[in-house]
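For reference, the structure discussed in these notes is given below.
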Amino acid sequence: MTTLFLMVGLPGAGKTTRARQLAEEHGALRLTPDDWMIPLFGLSEPDGKRDVLEGRMLWLALEAVKLGTDVVVDYGCWSRDERSAIRWLVEAENACFRMIYLPVDDATQRARIARRRATAPEQTLPMSEADILYGRAHFEEPDEAELDRRTMDGPPHGWPTWREWAADRWPSFV
């Protein structure tokens with residue numbers, strides 16, 4: 001069965017390293033916005049363009065899944081709603097959804113971010129102290145039920161379907 005692997009975690013958790021491993025192990029297409037943001041825009045969040053890029057990547061991921069190609073989506077997906085929407089979209093295509101959550105403690109995260117910035121600045125988006133604190137404050141850690149795929153929330157109040165929610169969250173998805 002075709003599988004979409006969704007990488008979940010904060011910056012510095014090791015998501016991209018693990019995404020590369022999964023892509024190689026499974027012959028999967030790897031979609032990592034950071035690989036595109038610097039070459040295209042030179043920034044990580046230029047005027048909402050990241051959401052547009054992620055939307056097109058999500059559309060591409062679902063097209064690949066329909067064609068029988070495994071995909072690794074390396075977004076981070078901080079919110080449960082984002083993860084639930086992607087899971088629903090993947091399962092609607094009769095594909096397997098696998099969430100890969102990589103937790104990271106504060107000290108390890110900071111050390112990895114600093115090391116990456118020092119060793120590969122041309123491939124690294126700058127992160128300030130405020131960025132790190134913002135991420136930690138806004139990240140919704142997946143619980144055991146979500147990780148074990150025992151539960152999936154319905155769309156947030158006011159949204160009839162996950163597809164409609166996703167089209168609003170990632171404007172270029174549709």
Next item on the list: Could you grab me the full set of residues in the stretch 99-130 that are touching a helix residue (DSSP H, G or I) at 6+ places or on another chain (Cβ under 9 Å) and surrounded by 15 or more Cβ atoms within 10 Å (Cβ to Cβ)?
Entry: Met99, Ile100, Tyr101, Leu102, Val104, Gln109, Arg110, Ile113, Arg116, Thr124, Leu125, Met127
Check: Cβ-Cβ below 9 Å, separation at least six or inter-chain, first residue in the stretch 1-16 and closer than 21 Å to Leu133 by Cβ, second crowded, with 23+ Cβ neighbours inside 10 Å and among the aliphatic types (A, V, I, L, M): which pairs?
Finding: Ala13/Met7; Lys15/Met7; Lys15/Val8
Notebook entry, point to check: List, please: which pairs have Cβ atoms under 7 Å, are six or more places apart or on different chains, and start with a residue in the stretch 139-156 that is surrounded by 14 or more Cβ atoms within 10 Å (Cβ to Cβ) and end with one that is in a loop (DSSP other than H, G, I, E, B)?
Noted result: Phe139/Leu10; Phe139/Trp78; Glu140/Trp78; Glu140/Ser79; Pro155/Thr161
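Conditions (1) surrounded by 16 or more Cβ atoms within 10 Å (Cβ to Cβ); (2) closer than 24 Å to Arg163 by Cα; (3) of a type outside the set (Ser, Thr, Tyr), marked per residue:
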{"position": "Gly9", "(1), (2), (3)": "yes, yes, yes"}
{"position": "Gly14", "(1), (2), (3)": "yes, no, yes"}
{"position": "Glu25", "(1), (2), (3)": "no, no, yes"}
{"position": "Lys49", "(1), (2), (3)": "yes, yes, yes"}
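None of the figures in this text is laboratory data; all of them are computed from the coordinates on show. As the structure is a prediction and not an experimental result, all values here were calculated from the model. In this analysis, Cβ positions are derived from the backbone assuming ideal geometry, glycine residues included, and neighbour counts consider all displayed protein chains.
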